Structures are given as C-alpha cells and as structure tokens.
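Novice: After the structure tokens below, expect a handful of questions from me.
A short reminder: the numbers here are calculations on the coordinates, not readings from a lab. All of these numbers come straight from a predicted model, not from anything done at the bench. Cβ coordinates were reconstructed from backbone atoms using ideal geometry, including for glycine residues, and neighbour counts include every protein chain displayed.
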Amino acid sequence: MSTSMTNGYQPATEFEPVSIDSFKAYDIRGELGVNLDEDIAYRIGRAFAQILFERYQTAANKTNDLTALQTAIAIGSDIRHSSEQLKQATIQGILDAGVDVIDLGMTGTEEVYFATSHHQVLGGIEVTASHNPINYNGLKLVKEHSKPISGDDGLAEIQALAESGQFTNDNKPGTLRLLTDKGDYIDHVMSFIDTDKLRPLKLVINSGNGSAGPVVDLLIDKLVQAGAPIEIVALHHTPDGSFPNGIPNPMIEANRVATQQSVLDNKADLGIAFDGDFDRCFLFDENGAFIDGSYIVGMLAQAFLNKYASEAIVYDPRVIYNTEAVIEQHNGKAVISKSGHSFIKQVMRDSGAVYGGEMSAHHYFRDFFYCDSGMIPWLLTIELLSITGKTLSELVTGYIQAYPSSGERNFRLTTQDAPTIIRDIEEKFSAQNPTKSTLDGLSLNFGEWRFNLRASNTEPLIRLNIESRGDDTLLAVKIEEIQQWLATQGAVPA
C-alpha cells in the first residue's frame, strides 16, 4: 500500500542542523531520550534511503550489481519496547525519501541480512541494541547484497546528511509492504545441514527472552517434520522486551548460570544461548561448561574443511594457535583478518572463504551472503555431534589442552590512553625479539606463547588475550605478569 505516514509518527516539516553522536564505528547505538529517539531515527532512515537511492540512480546507465535491485529497503526490529516506535519512524523517513519499504516485523539481525540479499533490495536495517542495557537501542545498517556499512564506507556520509537535514523533497513517497513470513529464511538456514544424519540429542536452548524464540520454534518444527530425533528444553523462551531474566548477554558469566544448570538438570547433550538479536551463538557442553568462542571457530573450521576440501577459513588475530593448527591439519587455507564484522566479511569476499569465525561468537558463512548467523552454528554443531558420535566436550577438549588460552580480559583505563600502553608493552618485551603484528592492536608471538592487546572501539577499555602451546603453567605465569604490568599503567580489571 502507498503511505506517507506510519503508526502515527509525525515528522518535522523543516529540518534544522543537529548533532547526532549515536553513530559508532560499525553501527548506531544510543541512549533513549539522550542521543536516540524517533526524530533521530527518522533522519537516519531518510538519509540512508536517499544516499542508497542516489547511488542506484547514478548506476542506472551502467552495468553493475546495483541496476537489478528493487528500490526498496528491508527493515526489522528486535523485541525491545522502544524498537517498534523507532522502526516506524525510520520507515517514515525511508518512505519520504521515495524508497519502498519491506517491513519484516519482529526479527533478529540475520533475518534482515537474509531479506536484503534474498529480495535483492538496496539495503537493510535492524533496529536493535542487542546486549546493551535496557535504556539503549540502535540501528544496524547494510547496503546491497547485505554488505556492511562502516564509518569510512558510507556511515559517515549518512551521519552528515542526517545531521544537516538537507533532504531531497521531489520524490514520490515510497510504498510499504508487510512481509513477516519467515519460510524462505528458515529453509535457507536448514539447508546447511543434512537432517538424515541427526541422531537423538537433547538440547537446552536459552533465547534470553529476546527475538530468537520464534525462529527456534520454526527450526524445531522443521526438524520434527524431517523426523530428526531432537528433544528441546526451552529456557527464557518467550520474547519479552522487559527482559525479566536480565539482558541476554552470555558473555557475562552470571548470565550463563541458568543455561548451565538446565543442561545438568535435564542431562542435556548441548546448551545453546543467544544474545538479544541472536547474531551470536554461545555453546555449553554436556557438563554445563561454557566453551570459549575461539575453540568453536576451530571446531566449525574442521567441520567445513571436512565438507569442502582446501577451502579458505577466515579468523581474527586475538587467539590463533588452535584455529591455525586445525586449518593446517585439514589442508585448508588460513586467512587472518582484523576483528569486526565489516573486516571479516570483506576478507571473506576477497578470499572466497567458506567460513569465518571470531572468538566473540560471531560466525560468518559464504552461503549466507558472507554474513553472520546465530542459528546456523548450533545446527552445524548438532550435525557434527551426530556424525562423529562424540560429545561436545570430546570434540573440543583436545583443542583446549593443546592450546590453552586466557579468554578475553578487559581492563579499564584510568591514567594512560590505549596507544601509550600498547607502545610501552611492545618496548617491555622488545628484548625477547617476538614476532610482531599490528593488524589489530598489538600481537607478539614468542613461539611457545603469544598475546594480543587491543583497544575497544566503543569504550575506554583495552582487551587482552594470551595463549600458549599446551603449557598451562606458562600461560598462568604470563597472565599474572602482564596483568601486574597493566596495573602499574593504571589499567584495572573491568
């Protein structure tokens, strides 16, 4: 239907210049009523649509990958109470820019990635704050073919136009279409596994009262229809924007307890937990142990190399020993990338990698438009458990013993900035002649152990990862040594 108004939101008729400081390196996040509200969402939607439409018009007489696209933008939103209103304001901005809208309803981020490529539209938006506090929200943007938009690749241009308010006014308003059927997305996700290979498994799935529950239900229905002998224990399953069981962020240890206990109580084979927009997937073994994301990267790399011989695997530089060993053992091609979704996705496209993984629990797939998914990893894991006949602990224990790591440790800066600390720690270890990389922060490799120290993109923090080659004692010594040195620099555990 045609529309110039959605859900009662009334945009301004004139736009004064404003400052919008909710733009970050890779997306938009802000505190509600402080630097993010409906008026800001409207401006962002209108600026985003205008810029993408202008690019499309410029390409109209050229032969490239823009000319075949629909002049539309796909948009969805998570379960937060503020998300629907922000989405409606964003939609109005897109429509007023003369661009059509496909409203996907309540979604996870990967559903927007899927819809953007599947429907061949100009771009996509997910309104979400993922695991941020309840008084925050944000927007994740992608352009054509679900390609990321970063600060130096379009996001700064969108911010400048949104702030200036210098929008074009000569376009016919766009049309709005509601498309909440998830069937095509579910079928695509299910295509990653062979359901005939699945053996009886009991799974605990903790959706964190986020957006994952409805998608989990649809995937389980597909598994049941295929005759897969899978039993589910659903935990915190109902979407609830008040988050009665806390903000869904399994990176916080306290938030893991419910999943761990449920795995033990139900004698489950696997625990699975999601963040709010389910673009990350966290796994627990049959003993309730949380498995660090770097070992899941190695496990999935092995699974893909068993299916696709000699393919490229992309990984980030924070923890590398195990992933590189797995890739070498299975004759894959190791391709390292700076961490962060825009970097990983571009390196995957450049190398044609079949899979990419980050220790932060983001997993990327060539056959999912080089995007990250939180649903595909657990499906691949139950297939792997079934094919090997092993438990998750049996699959990853060898990795953990061969290459123990500290896990990511965060330190808040109180007296010095991150560049100074990174410069000084390089000088501290210079006499030992380590192999050095500055691809992402500072990585120093001493042969039997290594560390990576990098600054946070969004907070006054530095993040430390240390690993060794099979030596827990050496690892413990180096963790203590570097933490003590950081303390002398005013870096305190966060």
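Novice: Give me the lysines in straight-line cross-link reach of residue 428: C-alpha distance below 19 Å, same-chain residues under 8 apart excluded.
Specialist: The qualifying lysines are 436, 478.
Novice: Compare the Cα positions of 243, 271, 215 along the charge dipole of the stretch 182-286 (+1 at Cβ of Lys, Arg; -1 at Cβ of Asp, Glu; about the Cα centre) and return the one farthest towards the positive end.
Specialist: Of the listed residues, the answer is 271.
Novice: Starting from the Cα-Cα distance between residue 251 and residue 225, subtract it from 0.36 nm times their residue separation and give me the gain in nm to one decimal.
Specialist: 6.0 nm
Novice: Where does each of 211, 77, 339, 310 land when they are ranked from fewest to most other beta-carbon atoms within 10 angstrom?
Specialist: Fewest to most other Cβ atoms nearby, the residues stand as 310, 339, 77, 211.
Novice: Turning to a different aspect of this structure: Using a basic spin-label model with each label point 7 Å from the Cα along Cα→Cβ, how many nm lie between residue 39 and residue 169?
Specialist: Placing both labels 7 Å along Cα→Cβ, they lie 1.8 nm apart.
Novice: Would you please give the residues with an amide H less than 5 Å from that of residue 129, counting only those at least 5 places away or on a separate chain, with H modeled from the backbone geometry?
Specialist: Close amide H contacts, sequence-distant or interchain: 138.
Novice: Continuing with the same structure: Can you list the HN-Hα couplings for the stretch 13-18, worked out from phi with the Karplus curve (6.51, -1.76, 1.60; θ = phi - 60°), rounded to whole Hz and with x for Gly and Pro?
Specialist: Once θ is set to phi - 60°, the couplings for the stretch 13-18 become 9, 10, 10, 7, x, 9 Hz.
Novice: State the Cα centre-to-centre distance between the stretch 265-336 and the stretch 380-436 in whole Å.
Specialist: 13 Å
Novice: Still on this structure, please answer the following. Can you tell me the length gained on complete extension of the stretch residue 456 to residue 487, counting 0.36 nm per residue apart and subtracting the Cα distance?
Specialist: Going from the current span to full extension adds 9.4 nm.
Novice: Cut-off is 10 Å between beta-carbons; in what order do 73, 28 appear when sorted fewest neighbours first? All intermediate terms of the calculation are to be shown ahead of the outcome.
Specialist: Values: 73 32, 28 25.
Fewest to most other Cβ atoms nearby, the residues stand as 28, 73.
Novice: Near residue 390, which lysines are there with a Cα under 22 Å away, not counting those fewer than 8 places off in the same chain?
Specialist: Candidates past the 8-residue exclusion: 197, 202, 267, 307.
Novice: I would also like to ask the following. For residue 182, list the lysines whose Cα falls under 22 Å from its own Cα; do not include residues on the same chain fewer than 8 positions away.
Specialist: By straight Cα distance, residue 182 reaches 87, 140, 143, 147, 222.
Novice: Distance in nm between label sites at residue 68 and residue 350, each 7 Å beyond Cα in the beta-carbon direction?
Specialist: Distance between the two pseudo-spin positions: 2.5 nm.
Novice: When the dipole is taken about the Cα centre of the chain, and only Lys, Arg (+1) and Asp, Glu (-1) are charged at their Cβ, what size is it in debye, to the nearest 20? Write down the numbers at each step before the final one.
Specialist: On the way: 39 positive and 65 negative charges, 130 e Å.
In total the dipole reaches around 620 debye.
Novice: Given labels modelled 7 Å from the Cα in the Cβ direction, how far is it in nm from residue 387 to residue 19?
Specialist: 5.4 nm
Novice: How high is the relative contact order of the chain? Use alpha-carbon pairs under 8 Å, at least six apart in sequence, and give a whole percent. Could the numbers behind the result be given before it?
Specialist: Numbers: 1080 pairs, mean separation 60.2, N = 494.
Answer for the chain is 12 percent.
Novice: If each residue of separation counts as 0.36 nm, what is the full-extension length gain between residue 306 and residue 438 once their alpha-carbon separation is subtracted?
Specialist: 44.3 nm
Novice: Now for a separate question. First measure r as the distance between the Cβ atoms of residue 402 and residue 12, then evaluate 1/(1 + (r/R0)^6) with R0 = 51 Å and state the FRET efficiency to the nearest 0.05.
Specialist: Efficiency, rounded to the nearest 0.05: 0.25.
Novice: To check you understand DSSP bridge types, tell me what percent of the beta bridges within the chain (both residues inside) are antiparallel, rounded to 5.
Specialist: 55 percent
Novice: What angle do you read, to the nearest 10 degrees and between 0 and 90, between the alpha-carbon axis of helix 38-58 and the longest principal axis of the chain?
Specialist: Relative to the chain, helix 38-58 is tipped by roughly 80 degrees.
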